[in-house]
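**Q** The structure that follows is given in the form of structure tokens.
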Amino acid sequence: MSEFTHRPVLLDECIEGLNIRGEGVYLDGTLGRAGHSEQIVRRLTSGRLICVDRDRAALDAARERLAPWLDRVELVHSNFDRVDEILDRLSVSGVDGMLFDLGVSSPQLDDGTRGFSYMQDAPLDMRMDREEGLTAAEVVNSWPREELRRIIAQYGEERYAPQIAGAIARRRADKPIETTLELVEIIRGAMPPKALREKQHPAKRTFQAIRIAVNDELACVERMLRGAVPRLNRGGRLAVITFHSLEDRIVKTGLAEFARGCTCPPDFPVCVCGRTPEIRLVNKKPILPGPGEIEENSRARSAKLRVAEKL
């Protein structure tokens, strides 16, 4: 499937959730293939769209895809957790909608040279922003064994984390681990036969864990929420797509915190905290892709969309 025919995850649901106004100002914090951005900008008249990505390759591709609307598009090379800084730099006080499609993008997965895939051989990289310093090779070869075990267990939710971390430590003691398929071989060798017979690729969870560590993904989500909600205009919408339970838990908890009102103990006769809700949750439960979308795009299977509106 080519770049321009790829359909973004939960596209219709995102557009509906953002409730786009033609004259509004919007921010796509995870540009990727610009599929969501294209549908947002098509709906703008006098409005403005700010497109952010930490991968320069995504920005370069977007210039072509969004060429008919570049007069109302601002392309920004940055990480989505710097939303406050980005808007300040552009002299934008508030926006009417923000979209964040979290996790690794399809082009990064499909480009075998980037080191995200456990199906293709490549140097251990996994950086979403190639201008950042930390690579997967550094994590695999220099982080302490116990820290490897922790991230594989916590970020990958991998039950064989101790065995995999131990196997990595033993192999790197002989020579550095340099490529993705070399790492896959080590992971396979550390897992029992019954685990290798599971439908899911045995390296999937470990690769996810290392990628999250390299890109500091979970902390980025927390920082994004803290920066994004205060910069929404009244009635503005925030739409966030997650792809695994750790991300979704952070988003669910963070939005619930912004949606809370008074935090005084129930037995207080009057409120003394003075706290009022900043947002309302548009959907109490996450919006999930339908069977048709999952059949068309298997990567959509684990997607969850949460939408909130600024009060």
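The values are calculated or read from the model by the stated rules, or taken from the named source; none is laboratory data. What you are looking at is a predicted structure, and each value in this text was computed from that prediction instead of being measured. Cβ atoms come from the backbone with ideal geometry, glycine included; neighbour counts cover every protein chain shown. In case anyone asks, the SASA skips ligands and DNA or RNA and just uses the protein heavy atoms, side chains included. Shrake-Rupley method; radii C 1.70, N 1.55, O 1.52, S 1.80 Å.
**Q** Given the pairs Lys199/Lys285; Lys252/Lys310; Lys199/Lys304, which span a C-alpha to C-alpha distance of over 19 angstrom in this model?
**A** Numbers: Lys199/Lys285 28 Å; Lys252/Lys310 16 Å; Lys199/Lys304 22 Å.
From Lys199/Lys285; Lys252/Lys310; Lys199/Lys304, over 19 Å: Lys199/Lys285; Lys199/Lys304.
**Q** Between Thr45, Thr113, Thr135, find the one with the highest GNM mean-square fluctuation for the chain; connect C-alpha pairs within less than 10 Å.
**A** Thr45
**Q** Now a separate question. So how many Å³ per residue does the convex hull of the Cα atoms of region 46-118 work out to?
**A** Values: hull volume 7.6 nm³, N = 73.
Spread over its residues, the Cα hull of region 46-118 gives 104 Å³ apiece.
**Q** Let me ask something else. State the extension gain, in nm to one decimal, for the chain segment bounded by Leu196 and Glu157, taking 0.36 nm per residue of separation less the distance between their alpha-carbons.
**A** So the chain would gain 12.4 nm between Leu196 and Glu157.
**Q** Additional query: If you build the Cα gyration tensor of region 1-131 and take the root of 5 times each eigenvalue, what three semi-axes come out, in whole angstrom, biggest first?
**A** Ellipsoid semi-axes (Å, largest first): 26, 16, 12.
**Q** Please report the base-10 log of the normalised intensity I(q)/I(0) for region 196-236, using a Debye sum with one equal scatterer per alpha carbon and no solvent, at each q in 0.18, 0.22, 0.31 (1/Å).
**A** So the normalised log intensities are -0.65, -0.75, -0.97.
**Q** Using a simple spin-label model with points 7 Å from Cα along the Cα→Cβ vector, what separation in nm is obtained for Glu138 and Phe268?
**A** For the pair Glu138/Phe268, the computed spacing is 4.5 nm.
**Q** Under a Cβ-only charge scheme (Lys and Arg +1, Asp and Glu -1), can you give me the dipole magnitude of region 1-105 about the Cα centre, in debye to the nearest 20? Intermediate values should be presented prior to the final figure.
**A** On the way: 13 positive and 19 negative charges, 49 e Å.
Roughly 240 debye, rounded to the nearest 20.
**Q** Still on this structure, I have one more. Modelling each spin label as a point 7 Å along the Cα-to-Cβ direction, I'd like the Asn233/Arg188 distance in nm, to one decimal.
**A** 5.5
**Q** Please calculate how many Å² of accessible area region 1-71 carries per residue, with a 1.4 Å probe and no DNA, RNA or ligand atoms counted.
**A** Averaged over the residues of region 1-71, the accessible area is 44 Å².
**Q** Among Ser91, Ser245, Ser142, which one shows the highest mean-square fluctuation when the chain is modelled as a Gaussian network with alpha-carbon springs under 10 Å?
**A** Highest fluctuation among the options: Ser91.
**Q** Further, regarding this structure: On C-alpha positions alone, give me the angle between the axis of helix 161-174 and the longest principal axis of the chain, in degrees, nearest 10.
**A** The angle comes out near 60 degrees.
**Q** So with the 1.4 Å probe, I'd like the accessible area per residue for region 233-289, rounded to whole Å².
**A** 59
**Q** Under a Cβ-only charge scheme (Lys and Arg +1, Asp and Glu -1), can you give me the dipole magnitude of the chain about the Cα centre, in debye to the nearest 20?
**A** Numbers: 48 positive and 48 negative charges, 177 e Å.
With Lys and Arg at +1 and Asp and Glu at -1, about 840 debye.
**Q** Something else now. Once both labels are modelled 7 Å past Cα along the beta-carbon direction, what's the Glu178-Glu85 spacing in nm?
**A** Those two pseudo-labels are separated by 3.4 nm.
**Q** Can you tell me how much longer the chain between Arg145 and Leu311 gets when fully stretched, taken as 0.36 nm per residue apart minus their C-alpha distance, in nm with one decimal?
**A** Working: separation 166, 0.36 × 166 = 59.76 nm, distance 4.68 nm.
Roughly 55.1 nm would be gained on extension.
**Q** Tally up the carbon and sulfur contribution to the accessible surface of the chain as a whole percent, 1.4 Å probe, everything protein left in place.
**A** That share works out to 49 percent.
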